[in-house]
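Reviewing the structure listed below.
Every number in this text was worked out from the coordinates using simple rules, so none of it is lab data. Predicted model only: the values in this text are computed from it and were never measured. Counting neighbours? That spans all protein chains shown, and the Cβs are built from the backbone with ideal geometry, glycine included.
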């Protein structure tokens, strides 16, 4: 697990930190009312986005959800493009047409995020179909949450992916809640991964707070897919620190539960490990932290200074 | 020039486009099964044999999956032609059609395009309520989609080619009674429309209507089966000295309103005949356009002749009651000329 | 209470009047005393005022139509008396294309009866109007207004009066000389003596001996009138009016000349009043200024005769077996044979001729029906 080169480990760490600091900073602007819409934030789940995306090649693709910021940063969407989109500026990744829930950047392999729960899964499966037909060895990861695994689209997609043997890795981020509903209320199974056997594909349960484990299992699944081994369902057990959205105070969650999961914080956990193994010094940590903070600030300032789109552009980009 | 049925014309279009462009593939239920039907209306017969099963993909009964997969592939450079067996089943995939396909380009700020064609047989055929709807009008209300309604073999081939080459999601509605399918799949009440179809490559641009019959006393705009009923009605009315101008819109989105406005300027009367239900239907949209933009030329109120606002019933006597007949068209024209 | 607008009784002979023009539109506000519409009597146009304040809500008789006196022509109602139902009912229903065409061709929709559903005016109704205006290759001018009145009267005259005509030529050479002298004498006063004035005076003198020609035929009776009121035909753009010079028997030539000038001017201006048209006993029609040699006029009933006068021109005349150039004028008297016969008329004309050929007579006074110096 720790056999990764230092470079890679630091990358994993920096990426997680980037997501955390970005999300925390963005929240500040949300509270000031500068970001027009609500936000669905990713704090607590960083290990999954980073672990998965680091296992992908540059030309592999991901599809995402209404909670896309972590995936976007991990896959490589420039922070500036994300902040500008959140602020509704024309320099945003979607030219201010999409907003928080549709972040994406085709040029680095992230399709526009899909905000309808579960609706991105068939689309990701179609991407995999394209890769198979083109015979390119590219792989697509479909991110979705525990709630989505109850959608019909999940069932149809995994079934077809299995039947056609498509190069897709389904990554289910089980943060225990579909909006405000605890998973035990809506599923009889203990693990979502157990559903994989219904389609004849492998189902893996992984610790969503351990970035190295996520990285490892994703690697295996991606290799399998690339070699024509077909799809895999990976269930990552995780937790979101924020409410469903920033308008949600999440009073439906017991404090003990929140504390339990925060104690397993993926960034703290990983930093501790790296300190222990002397891969990271305090100094280096500070350096990385201040680099990330600076990057975030630059991105924020870029967004603040960017112009708004002119209103008539609302009529553009309907048709190609 | 050979005379083809609409089913044959569509097959020819698919075949030619698949030959011309390797990114075109077909995906749907029962379309390529060896020894099978070639789809519910014989359209894809022979194509799997010619192009293989990676280009004619049979699916489980999973409309959401079919459309979703097609969308994903379309964003990655393919031009899928997906199909549902009856347009009623479009509702099963409605989220993928309306929330995804129609919006992906726009919400990504133009980063992606979805060059997808979704073929759907439409119209009532004595099979009961859930296999009988005419849903073309519903889809004009979703910005980002295009809607095509070919009524003749010549139009079908040319329009399908344009639809496949279009970079946007296109809903391509084919009327079940107009296919002219033969053999075991022949529709009992079907009309065989044979038309001359050029063998060479030709396209008909989307957004151009066609005056199928020139007249001077009144304009009828109608599509699919209703177009043919209107033409029959026009022939009969001609014997009484009433000359009806019949316009085939060919596409609902983009919509050629200019041709209709010019016709109304000449005839001063407009009747829209539509197999969809009356309330909030396509006919209402056409009427609104004409009242907004050609009001000064109207000599009588614009009128819509549509199916009654009921689900389509099964028994033939009930079904033919609710859907506009040639007689009802003739009656409506005469009332408007009084 | 809504007030009826009625066809007025204006003391005219005919019982029917023509409504020439509405001066207000339907739906317009009207004030008491404001001119509301114009009628044509036998003789002149007259404005009629509104008798109350309100809105002109209804028009029953249209421009150009005739109606008997006391016919209800329209309604004036107070605004609060107009129901919204009426207002909706009064809204002209026309299809958009009909409205467009009507506007382009200046056709008044309120004048058209619609043949569409619910009385809607449709395109065809407008096209018919246009077609009617176009298919005619000739220009159609309706005979209305003054023309119509004249037409009616002339028909009446010609069909009921047994006309006969006697013509003679009068040597006006002396009259020409007298006119020159008089005009020169009166130049400072700005008066000219027209030939018509001279003829009028001559007629008046001649009537002293032939009173039966200054009479009115009323059924079986011949009313010989004491006053000599000679009407002079004046042509206007749309017809002829005949203002009357009253009591010429009591007037001198100069007075007649002045009055005649005034009356002709007023007639041309359209400012004659009803009195000016009343009471004529004889009519003079002079077309001399138009290069007309002679013509025959139609009697103005109930008068007995009318004198038609042609131009004064130099003609070769044999006098004392010598051919000389003399100023000659042809006159034709049309007479009602029920009242007079040829011999009497011939003698009358002889007398008239004598007066005009010895025009100093025109300067004589008249006392108790006798000429005097």
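Here are the numbers:
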item: Antiparallel bridges, percent of DSSP beta bridges restricted to chain A (to nearest 5); result: 10 percent
item: Gained length - residue C:128 relative to residue C:45, 0.36 nm times residue gap less alpha-carbon distance; result: 26.6 nm
item: Rel. contact order, % - alpha carbon contacts under 8 angstrom, at least six apart, chain C; result: 15 percent
item: Cα-based helix-to-principal-axis angle, B:224-239 vs chain B, degrees rounded to 10; result: 30 degrees
item: Burial ordering of B:5, C:52, A:238, fewest other beta-carbon atoms within 10 Å first; result: C:52, B:5, A:238
item: Most mobile of B:127, B:15, B:119 in a GNM of chain B (Cα contacts under 10 Å); result: B:127
item: Residues residue A:57 and residue A:272, FRET efficiency given R0 of 35 Å [Cβ-Cβ distance, rounded to 0.05]; result: 0.70
item: Residue of B:134, B:325, B:108 that the Gaussian network model of chain B assigns the largest fluctuation, springs spanning Cα pairs under 10 Å; result: B:108
item: Candidates B:64, B:152, B:251: whichever shows maximal mean-square fluctuation once chain B is modelled as a Gaussian network with Cα springs under 10 Å; result: B:64
item: Stretch gain in nm, segment residue B:20-residue B:320, where the contour uses 0.36 nm per residue and the Cα spacing is subtracted; result: 103.8 nm
item: Spin-label zone in region C:198-224 - amide nitrogen under 18 Å from a point set 7 Å from the Cα of residue C:358 along the C-beta vector; result: C:199, C:201-210
item: Length released on extending from residue B:182 to residue B:239, taking residue separation times 0.36 nm less the Cα-Cα span; result: 17.2 nm
item: Overall form of chain A per C-alpha gyration tensor (a/c, 1.5; a/b vs b/c); result: rounded
item: Rounded tilt (10° steps) of B:153-165 against the dominant C-alpha axis of chain B; result: 50 degrees
item: Mean-position separation - Cα centroids, region A:208-257 and region B:94-152, in angstrom; result: 35 Å
item: Nearest-0.05 FRET efficiency for residue C:343 and residue C:224, computed from C-beta distance (R0 22 Å); result: 0.75
item: Separation in nanometres of the label points that stand 7 Å from Cα toward Cβ, at residue B:189 and residue A:8; result: 6.7 nm
item: Rough spin-label spacing in nm, given labels placed 7 Å along Cα→Cβ, for residue A:298 and residue B:289; result: 5.1 nm
item: Distance (nanometres) between label positions extended 7 Å along Cα→Cβ at residue B:94 and residue C:183; result: 10.3 nm
item: Pairwise FRET efficiency - residue A:258 versus residue A:27, Cβ, R0 = 22 Å, nearest 0.05; result: 0.85
item: Convex hull (Cα only) mean projected area of region C:305-361, reported in nm² to one decimal; result: 5.0 nm²
